Each structure stands twice: as structure tokens, then as C-alpha cells.
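Nothing in this text is a laboratory measurement; each read-out follows from the coordinates by a stated rule. Keep in mind the model is a prediction, meaning the values are calculated, not measured. As a convention, Cβ positions derive from the backbone with ideal geometry for all residues, glycine included, and neighbour counts pool all protein chains shown.
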Amino acid sequence: MNPAHENVLTFLARQTVSAATPLILAGIGELVSELTGVIDIGIEGLMLTGCIAAYTIAGATGHGSLGLATAILAGMAVAALFAATTISGRADQIVSGTALNLLALGLSGTIWSLYQNWRENHDLSTALPHGAGYSRQAVGALARLPFFGPVFFDQYGLFYAAVLLAALVWVIIRFTRLGLILRALGDSPQTCQACGIAVRTWRWLAVLFAGGCAGAAGAYLSIMRTHAFATDMTGGQGFVVLALVIFGRWSMGGLILGCLFFGAINSLQQTLQTARYTSHYAVLHALQSVPFEVFQMLPYVAALAALAVLSRNHPGPRQLGRPWPEYTYLS
Amino acid sequence: MTTFHSSPLQRHAGRFSRLISTVALIPLAIGTCGLALGLVLSGLALVGYPPLAIMSRWVDGSIGGIYPLTNSLADACPLLLTGLAAGIAFRGGVLNIGAQGQFLLGALVAVGLSTRWLIFHSAPPVIILAILAGTFAGGLWALLASILERYRSVPIVLSTILLNFVALYVVRAILQGPLQAGGTPAPQSPQIAPAYWLPELIPFTSFHLGIPIAFVLAVLFYALNQRTTFGFESLVVGLNPGAARLAGIGVSRKQFLLMFMSGCCAGFGGALQVLGVTHFMTGSFGNYGYAGIAVALLGRLNPLGIAGAALFFGMLDTGALRVEESSLALPHAVVNVVKAVVILLMLLLSAYLLGRKLRTRQVDPPPANDQGSDKP
Amino acid sequence: MLQLTNISKHFGPVAALDNVTLSLRQGAIHGILGENGAGKSTLMNILFGLARPDTGKIEFDGRRVRIASPVIAQRLGIGMVHQHFKLVESLTVLENISLAAVRGLWSPGRRELIGRIRIWTDRLHWNPDLEKPVADLSVGQRQRVEIVKALCTGGKLLILDEPTAVLAPQEVAELIPALRAVAAAGMAVLFISHKLAEVQKLCDRITILRKGRVVYTGSIRELDAGQIAEKMIGARLKIPHLADHQEPPGEAPRWDRGELSPPRLELRNVSVRSSHQGAWLLFNVNLSVRSGEIHGIAGVDGNGQDCLVRCILGQIEPVDGNVIFGDSSDSHRKTPGINPRSPLGCIPEDRQREALVLPLSVQANLMLKRYHTSPFSWMGLCRFGRWRQRSAELIRQFDIRCPDAQTPVGMLSGGNQQKVVVARELGEKPRIILAVNPTRGLDVGASAFVMKQLLAARRDGAAILLVHSDLDELLAISDRVSVLYNGQLQETSWPDASREQIGKMMLGVA
């Protein structure tokens, strides 16, 4: 839709929600995993895995849904690797997460080259075939509401899924015994063990869930929002998600607020970038003398600033990042 | 006692105790590399690449002859320095994941000084000043994360990662702005005048002065770790900050210093890379910082081990270029897969093999000294 | 109702339990006595499904059972109160009980659970606020939450693993009728302890374990305290006592003790506030320790001990007041923790977290305070030869049993680890000693060793501040005793004050 038909505010708000969606999706997974005590620095890599899996499978088969499903499964598969090293192998979570990022970078680059070669050898375009990518889905009459319609009810399908998932996870964490278990796992795994709760199994499940969420977030980036793939596609959004979970103090509400805030910064940044070339708004036009790298930097600077302002004195899950069972002594 | 409860990510010191262990260092590292290569090659064989051909081209491209060999060494140099950066910090319990950003800033300052901002008639002062300034730029960038942790409780893990991205865009903005080479819209610096290049020790190869310096630095760091009170203190701080505090070691001061040294190492690497190898800078300037973490882990945080690991990774990179250029056209990104698999295998192997070995050893009754107080 | 036959459990070549046979009846309280490491905890873990026996059989209500996990134990009706509380501090009381007592993933079963909880709390005459986070409860209240939790999950057998270790004497006194009420309700109670007095008050029958073997089972009334103690530890072993370590009569003390000598360590009006809630962690604490005396600080854990210790170590800055070391000439030394040359030796509470670097060698750990001083380093270089020499001396002097000085400290037993700490901290004859729960987790022999070392340091004229939660040990070796309650310190007239009075002060009722 041509932004000229909307007013600035609606356009920005809609871009905000659109940009926040992958953050929300990946954030839900990361939140659950951190609640159980596993910090997954590799979320960035999981998202990238989702991007490449969705794009190549959707491109090869022509079915977006297959791409999406593959992205979720691929995210879970790579997350399983992470779980195997950190939960079963009790290796350091930060280091394993870093390795995961490197792995995803390598794998996606390799697969992307292979995919390009294959498409070229068969005289096919590497662009996503028609119908393989998703377009926005308006929700009936709701989409015609002023402001709220285009902002909330004319989004990509995964946005609605993300909202439902967020609500579901919130209810689970808040009101069910499953939620109690999740919260207890990150705080006191020894209590869980004494209650007969299989600590490692639950952590495995949480990490797999996070992997699936991150995979879906990746799919959103490559086959919904852009219909393209680039090897630096996630561009650090996974790391922003990590900051957001802390920023939101491990609560769903805080997380979503944070995601919307960063979505806003992101959409502003992108709008400002394009405004350099195709400017519809005088305000944006005026800013074009600023180098656009400054705007690209904005989300990261904002994440740092948010952490600096807000992260004090909130403990978070007490056992976050610690292996279970803890070592008594291993040289 | 909630008062002393700090942010969870800051209570991680001590986490590398298993890695620092010297048990089976060399066999484990070599085994890991071999296994990783084997895994990736067999993965590639499944997609239809002939593993033997890849291996022979890879060996040829990395150590077959003086040019491949010097290229491998030249590529190992920045990896060694970022590896040392990660190694020093990790050993002291500081999770500096930001070598990439520190590396970039070091390179940026060095290229800026030697192309635009510092022009003398004689070369040595320019080279030395550019390298020093690049080194300090890296160190100061790292300190930013320490300061954020000290005064605002931002976990270093997160701040260094985010600062990597900030550094990336700072570099791009400056390469688009004040440092842009004329005639191209891309973020790219002008070339450094050949007089200011680091001298080549073997003519017409990429074996520049920085390479032996980097390896000597590794030996110095080894001595620092093993022989000095400074090295002992940083080990204690990394293994158990509580005990260090009780022993009168200023833990946060020490960690500040280690972070600064770590950043300096990475910045030094950036400066050497730009003055010795590339001679100009673009908006995407390699992935040495992240790879440095892999190097440090493969070398088990031991400077000499890191030197060995850097050599291996340098060979991996250089050899892979040959494989990519050859008729096999293997994408270069495979190298990253190998590196990642190396780290993951390293973690898994040290968890399972060493873990099992030590666990059985621990269960043995301590010889005749047990008064029945400890249960396994 | 519960019958264990010939249970054995080995850890490697060590037999933690060797042919243990035990039977329990409904409505009875059965005590299990034994030293640390006698196998009590292993036995409990087997009953609760946290460990599996190598051989032997377990019968419950006449049926042979395999308790493979805590879930199965709970299904059988076994509830357990662990030595270290198994509570999630950030959750409320109700949520904690729900975590343990409800099955299924969805409903936390609030309404039905509250009913079950109330049945038990009424019997125990206790009216807790179920919506309060556990973090806000006192230790005694947490203990009761644990008991109610175990009762709600179990219902037939209640196991208590050293439940009194963290309680004040009065709280222990309240626990006893509560447990009797539980037994009267038809439950079997298994009470594990190494404290004789409680077991004598509470239990009907006892089993004594020594080194994994049952050495006695039967009525408690057939043995007197001395016989029980003898069976527990094999030989009579006394707690070292102050009275045994006075200088011989006639010999003049080598220092001025008491009022005459100036205090070596003094706290004047020290107050500390917790940063977020602004609650007082320490309030107006005055304290002095003189040469050649042991000043004991009694108190239930969590009443500000941690804060007091950190204040003295200079790890936290008091809001108000001063910590003064030595003579007035030394008083500028506000933070001995930062200045390693200061004359302060500290045995911290958690040796593995705060005092030792487990992966490093015994030698490195022994040198941790002196490594940078004159004979041991030169221009920033370590002189390992001197290290070796000095640590060999210390190992001999303090009888540290280790294969050699290069063994990682983590490989040693708990008692030897503590000896390493004691050797390092007391080996250089510091003038001030701060000891926090120095015998925690040690068996009788190792505890006696540590206490003797403190008494020896006292004889040499050190000023010793002993913060200890084991009241009996504290009273045995202290010259003066103060009680820390809720951040406030009150000096007692010990030895004139009675143990009961001090116990009351520990609970703030005096």
C-alpha cells in the first residue's frame, strides 16, 4: 500500500507493529527459555536459520506454508543442538550461544550459495516465486476501522499468531501449574527436582519452544515482510530481543511494550532511510542530511540506553545461565 | 539478603574452570578439529562435493608453497589477536564478546590516522602512532562495556554484543562521511600510502612485520599468565571472585584492567590488519572478532594454545578461498560452519569425556584422609 | 507400615549404606541418629526416590515397591522436609505447595489445595498467609511451610532431614509438639538428626547409623545419652571447651586481657540499610573485641550476620558509624578486605564460594593471601620455590591430608578443605580473626580441630570474633556472647546468663 494514502501516524504505527512482530515472536520463546534458567544468546542465529529455511523451502516448493513449517522445525533442530551442549552437556550457555550464531551464519551462507547455484543451473530466478511469500491478511470488517484497522487488523498472518501465542503463554505463566513449574525451574531447580519435576526435560522443551518461535520469527522476516533473503538479514535483532527480555523484567507485558518501542524505532529508522530517496513527508525529508547509519545504529544504542536506565536491581531468574545439576567439583 | 543480589548475568565468573584445565589439551584440540572437519566434509559429501578433492585443494591452498603459507599466517595474525583478546578476558571471568567491535574501531582509527589525519615525512612515527591509537581505541571501546556494567549493572555479555553493532555502524558512517574515498558511493576508505604500510619481511608476500610481533605477544601473555602475580590474580578472579575478594584482590579493578587489555588486543589486531594486509577499509571488514572467540576456546584460553588455534583457523580460511575459486566452487561460508562445529564439539567433548574421567576420579576415596564428612 | 530390608548403596568403592534394615509403624516417631556422612541423607534420598539402592528391598504397607522418583514416593504417601529448604523464594506459600502437591499441568488446584492446607495448619495451630512470597518469611516459618508441604504431598509418612539445624531453641521447642500432633493424626514420622537432646525428647524408637551400618535399633529409653553418643561416633569425643584451654594457673597471661587492653576491633554505631526497601539490616551496632578473647555472636541465620561480616571486611559501606581496627594508630585502615597486609584473618561461612578456588592446587590456595608479599614474589614474578616451601610447612603444621601440595583443593574432603582455609587464615598469626560458622558441614573430629585452632589463636593473643549459629559450640568457646536479632546487637552477661535466656534473645522475646 502506498504510504501516501495514509497519514504519517497510521503509516508509522503500522510499520511499528510490523517490525515488532518478529521481536515479539522470538521474545516469547526467549522469555520462556530464560524463565526456566537457560539464556539463549544464539537466538540471533536461530532467527537466521528460520530465514534461510523458510526462504529456500518456500522458493523451491512454491508453498509459503511449507517454508514456515520448515523454518520452525529448523529452528527447533538447531536449538536441540544448543540444548544438547548446554543442558545435557552442561556446557557454558553464553559460549554455546555464540557458537550457535557462528554456525547459523555459516550454514545460512552455505545453503544460500548452494541454493543460488542450483537455481541458476536450472535457469530459475532466486527471487521468491509468486505465491510462495505471504501478503497481508486483513481481518474482515475490523480492518476498516480507522487507525486500528490498518495498524492491527491488516497485518501478516504471523502477527495474529504472535498475539495469540503471547496471550496463551501469558495465561500459562500466570495462572497454571505449568507456569509455576516454568518459573520455579529458573529460580530453584533443586526444588523442582525434589517435587519430582524433571528439570532437564523441561528445560529441553523450553529451549525447543524458543527455537521454534525464533524460527517462525525468521520466516516472518524472509517470506512475509520482505520476500527476500540476505546473509545479514537479522542484523542483530536477536540480540535486541535478549536485551528486551531483561528490559521487560521477564514479564510478558514488559516484553511486548519493549518490542513495540523497538518496532517504532526500527520503523522510524527504515522510513527515514527510504525518505532519503522517496520522501513523502516534509519532516522526514528534513532529516536526510543525517547519515542513515546513525539511524541504523539507533536500535542498538536505544537497547543499551534502556538497559543502562532500567536493568538495575532486578535479579531475574536466580539460576539463569547456570547448568543443572551444578558442578560440585570438576577440574 | 537481597542487597547483594546482582544481575544474574554478572554472577557467571568461574564458568570457565573446566576450560582452563590443562588436562589433555593438545589431543583434545586436535581431535576436535579433526572430528569437526570430518563431520563437515561428510556433510558436504552428502550434498555431492567430493571430500578428498576438497581436502587436497584445501591443503594446497593453505600450506602448499610460500604464498599460501604466508597468506595463512597473515590471516592467523588478526585471529590470534582477537583470540588473545577473548582468552585474557574469559580467563579473568569477563565475558567480552565484543572483540569484533573493538577490532573494527582499532582498524578505523589506524586507517584514519594513516590516510587523512596524520601525515609526516617519515613513515615509522605514523605507523607506530596509528597502531598505538588503534590499540587504545579498541581498549577504550571495551571499557565502555565495563563502565556500563560497573555503574549501570548492564551485563557485559549483552553490552559488548550491542556495542559490536554500534561500532559497525559508526565505522560505516565514518567511511561514508569523513573517510570516504572519492569516486565510489560505497563505504570505503582511501588506500593507505604504500610508505605507511607495515614492512613486508619476505618480499612480495603478505608476511608483514605484525605477524611475528603477534606471536611474540602470545608468548609474552603465556609468561604473564604462568609466571607473574598478575596472571595468578586474574586466574583467581576468574575462577572465584569471592575468594579473590577475601584475599584482598580488587576484583572489579582487575576486571576493568583485563577488559581494557582485551580491547587493546583486539584493537591492535585491527590496526595491524589494516596497515599490514588490506591497506584500506570497507564497510564489511571480516568476522575476526567472533572467530576470535572460537580460537580462544579451541586454544583453551592458553595463549600458546590460542596461537596454535589461530594458525589452524588461518589455514582453514586461506585454504577455503582456494577451494572456492576452484572448479568445486565451495561457498566460503562453510568455514564458519567448521569453526562453529569446532566450538560445539569442544564444549561437548570436554563436558562428556573430561567430565566422565574426573567424575570417576572424584568418587575414589581421597587417600586415607577422609573423615567421612563428604559424600560425593 | 514401612519396612526396609538389607539396603546397600555404594558410591564408587565407598559404601554409603551397608545392609541397612529398618521398620516403621504408623503413629510413631522414629529417630535416625548418626554423624555427618553416616549415611542418613543417602537413606532419606533412597526413601524419597532421589537415589536408588544397589541391593535390598523396600516394602510399603506390606507391598514391595520400587521408589524410582520423588513422584512415586509422593504417590505412595511419603512427604519429605529436606535439610536445605526446597522452596522457590519468588513464589508464594500457596504456589510452592501447589508445585509439590498438585499433579497435572494446568490447574494449580487452589481451592481444593487450600482446604487440604487448612486441615494441617489447624492441627499445627498455625495460621499462615498463603499469598505471601516465601522470600518474606522467617526461617522458622519456612520450615513450617516445608512441613505443611510435605504433609499435603504425603499423608502417610513424613521424613524430616535435620529439621532443626537452622532453628533457634524456642522454635525447636515449638516444632516438637507439632510433630507429635502429626504423629497423633496417624502418620509415621521419620526424624533424622545428629542432635541427641531433640531426639530424646521427641522419638519413641531410634536407629543409630555409623559409617553406613545400623549399630542400634530399638527403644530410646534403653540407652542413656552417653551410650547413644558412643554408638554414634564410636569413641567419646568432647567438644573443645574454653575451660580446657586457659593458660595454666600461676603462669601470668602474656597479654592484658579484658578491660585493660584496648579493643583490637571495634564497631561504633554501625548501621546498614538494604538498598531497595530501605529496611535496616544492621541498626546501631556497637561491638568490641579485645586481644585474647573470643567474642561470640549468636543468632538465628538471616538476622544480619552476613551484613555484619561484610561490614567488617569492608565489602559494604555502613550508612552510619565506623569500623575501627587495632590501636588508634591503625584506625585509618577501614577496609582490611582490600588491604591484604592487614592483620585480619577470616574464615568465611561458605568456604567453597568465598574462601577457596576449587580447581587450583592446595599450594595456590594456601598462598592466596601472601602470594604477592616479599619472600613469595619478586618484581611481580611468582617465586614458586618459596611457595612450595611455605605451603609444605603449613600442610604439616595444620595436618592437611592431601596426596601432595599440587592436588586441586576440590578433590579434598570437606574437613581438609576447611583445614586449608584455617591454615591460610590463621597460619600467619593474624591479630584479628573473624570466623563465621567455621564448623558448618564438618563432622565432629574436624569441628573439634577448627575450634581448637581458634582457642590456640586466642591463647596467642588474637582478638577473635566468632559468628556462629550453633549455639552449643558458640557457648563452649566464647568469653563473651552477644546476640544479633533483626539487625540489632545486644550483649549478654554470659557466662552468667543461661542458655535459655540467650535462646530467648535470639528470638527477640526477651
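Dipole magnitude for segment C:2-233: about 740 debye, using +1 per Lys or Arg Cβ and -1 per Asp or Glu Cβ, origin at the Cα centre.
How many percent of DSSP beta bridges within segment C:2-233 run antiparallel, rounded to 5? Around 55 percent of the beta bridges assigned by DSSP in segment C:2-233 are antiparallel ones.
Rounded to the nearest 0.05, what FRET efficiency do B:V47 and C:H241 give with R0 = 56 Å and r taken as the Cβ-Cβ distance? Could you check?
On the way: r = 78 Å, r/R0 = 1.40.
Efficiency for this residue pair is about 0.10.
If you model chain C as an ellipsoid using its alpha carbon gyration tensor, with each semi-axis the square root of five times an eigenvalue, the axes come out at 42, 28, 23 Å, biggest first. Which of the listed residues, A:V78, A:G179, A:V139, is farthest toward the dipole's positive end in segment A:67-215, when Lys, Arg count +1 and Asp, Glu count -1 at the beta-carbon? It is A:G179, whose Cα lies furthest towards the positive end. Applied to segment B:26-38, the Karplus parametrisation 6.51 cos²θ - 1.76 cosθ + 1.60 on θ = phi - 60° returns per-residue 3J(HN,Hα) values of 6, x, 5, 5, 5, x, 4, 4, x, 5, 5, 4, x Hz, with x for Gly and Pro. For segment C:462-510, what percent of Cα pairs sit more than 12 Å apart? Result: 61 percent of Cα pairs exceed 12 Å.
Working from Cα positions, state the angle (0 to 90°, nearest 10) between the long axis of helix A:64-83 and the longest principal axis of chain A. Helix A:64-83 sits at roughly 30 degrees to that axis. Shielding of peptide C:409-419 by partners, expressed as the average count of other chain Cβ atoms within 10 Å per residue Cβ, is 5. For B:T228, the residues 5 or more places off, or on other chains, whose built amide H falls under 5 Å of its own are C:C382. The simple Förster model, with R0 at 60 Å and r as the Cβ-Cβ distance, assigns C:R64 and A:L164 a FRET efficiency of 0.75. Largest GNM mean-square fluctuation across B:L148, B:L37, B:L73, computed for chain B with C-alpha springs under 10 Å, falls on B:L148.
Build a GNM of chain A with springs between Cα atoms under 10 Å apart, and of A:A104, A:A58, A:A230 the one that fluctuates most is A:A230. Taking θ as phi - 60° and the Karplus parameters 6.51, -1.76 and 1.60, the scalar couplings of segment C:359-370 work out to x, 8, 6, 4, 4, 4, 5, 5, 8, 4, 9, 10 Hz in sequence order, x denoting glycine and proline. To the nearest 10 degrees, how steeply does helix C:110-123 sit against the main Cα axis of chain C, on a 0 to 90 scale? With both axes taken from Cα atoms, the answer is about 80 degrees.
If you wrap segment A:3-310 in the convex hull of its Cα atoms and look at it from every side, the mean projected area works out to 17.3 nm². Applying the Karplus relation 6.51 cos²θ - 1.76 cosθ + 1.60 with θ = phi - 60° to segment C:458-473 yields 3J(HN,Hα) values of 4, 4, 7, x, 6, 9, 10, 9, 10, 9, 9, 9, 8, 4, 5, 5 Hz, where x marks Gly and Pro. The alpha-carbon positions of segment A:1-64 define a convex hull whose volume is 116 Å³ per residue. If both residues of a DSSP beta bridge must be in the protein assembly as shown, then about 55% of such bridges are antiparallel. Of the candidates A:A26, A:A77, A:A210, which one comes out as most mobile in a Gaussian network treatment of chain A with C-alpha springs shorter than 10 Å? Maximum among the listed residues: A:A77.
Less than 5 angstrom separates the built amide H of C:Q488 from those of C:F283, all sequence-distant by 5 or more or on a different chain. With contributions of -39500 (n - 2.57) from each DSSP H run of at least four residues, the per-residue ellipticity at 222 nm computed over the protein assembly as shown stands at -16500 deg cm²/dmol. Binning the alpha carbon pair distances of chain B at 10 angstrom intervals from zero yields the distribution 5, 22, 30, 25, 12, 4, 1, 0, expressed in whole percent. Here the contact order of segment C:2-233, divided by its residue count and restricted to Cα pairs under 8 Å and six or more residues apart, works out to 30 percent. Using C-alpha pairs below 8 Å separated by at least 6 residues, the relative contact order for chain A is 35 percent.
From Cα pairs below 8 angstrom and at least 6 apart in sequence, can you work out the relative contact order of segment C:413-490, rounded to a whole percent?
30 percent
Global dimensions of the protein assembly as shown from alpha-carbon coordinates: Rg and Dmax equal 32.9, 108 Å. Given +1 at the Cβ of Lys and Arg, -1 at the Cβ of Asp and Glu and no other charges, the dipole of segment C:30-133 around its Cα centre is 400 debye to the nearest 20.
If the convex hull of the alpha-carbon atoms of segment C:2-233 is projected onto planes in all directions, what is the mean projected area in square nanometres?
Here the figure is 12.5 nm², rounded to one decimal.
What do you get for the angle between helix B:334-349 and the principal long axis of chain B? Use alpha-carbon atoms, 0 to 90 degrees, nearest ten. Once rounded, the angle reads 10 degrees. Apply 1/(1 + (r/R0)^6) to the Cβ-Cβ distance of C:Q490 and C:A173, taking R0 = 30 Å, and write down the FRET efficiency to the nearest 0.05. For R0 = 30 Å, the calculated efficiency reads 0.90. Residues whose amide H comes within less than 5 Å of that of B:H208, counting only those at least five positions distant or on another chain, are B:L201 (H built at 1.01 Å from N in the peptide plane).
Which percent, to the nearest 5, of DSSP beta bridges fully inside chain C are antiparallel? The antiparallel fraction comes to roughly 55 percent.
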